[in-house]
Every structure is written in structure tokens, then in C-alpha cells.
1. Counting only Cα atoms, I'd like the Rg/Rh figure for the chain, Kirkwood definition for Rh.
2. Roughly speaking, to the nearest percent, how much of the chain's 1.4 Å accessible area is carbon and sulfur?
3. Can you tell me, using C-alpha contacts under 8 Å and at least 6 residues apart, the relative contact order of segment 7-69 as a whole percent?
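The values are calculated or read from the model by the stated rules, or taken from the named source; none is laboratory data. Only a predicted model underlies this, so the values are computations on that prediction, with no experimental measurement involved. Accessible surface areas use protein heavy atoms only, side chains included; no ligands, DNA or RNA. Shrake-Rupley method; radii C 1.70, N 1.55, O 1.52, S 1.80 Å.
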Amino acid sequence: MEVIFISEITCPVCGFKKQEEMPVDACQYFYQCGNCNALLKPMEGDCCVFCSYGSYKCPPIQTKGTCCN
């Protein structure tokens, strides 16, 4: 299975999209939107902001199917 390391995060507040490189072995719990400065946190049930707002889930979820914490 090929792991994707770039994900496009979409801000749920303003709709701004930006491609970001995901951490390989860690979860990113917070992300600040580059447009409206909203501080994004994972939605309930997700381990990180990429799983909640990204075009691809984080690498640990892609490979192991489980959260990295």
C-alpha cells in the first residue's frame, strides 16, 4: 500500500485550502488556518486535523488503521 504524505486541509470556517506535508509518525492535533487564523482541532472520533479536514488521512491511519497516540 502506498502511503500519501501530502494532504490538502480545508478550513471549515472560511473554506481556505492548503496542501501540507503530514508528520510520518505523529498526530497533529492543532492547525492554524493561513487565511482566517482559525485554530482547527480534530473532530470527535478523529486522531488529528488531517483525519478531520484533510484530503487524506494521516500516515499512521493509512498504514496501521489506528491512531498514533
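1. Numbers: Rg = 11.4 Å, Rh = 11.9 Å.
A ratio of 0.95.
2. Details: 2150 of 4350 Å².
Here carbon and sulfur together make up 49 percent of the probe-accessible area.
3. Values: 111 pairs, mean separation 21.2, N = 63.
For segment 7-69, the relative contact order is 34 percent.
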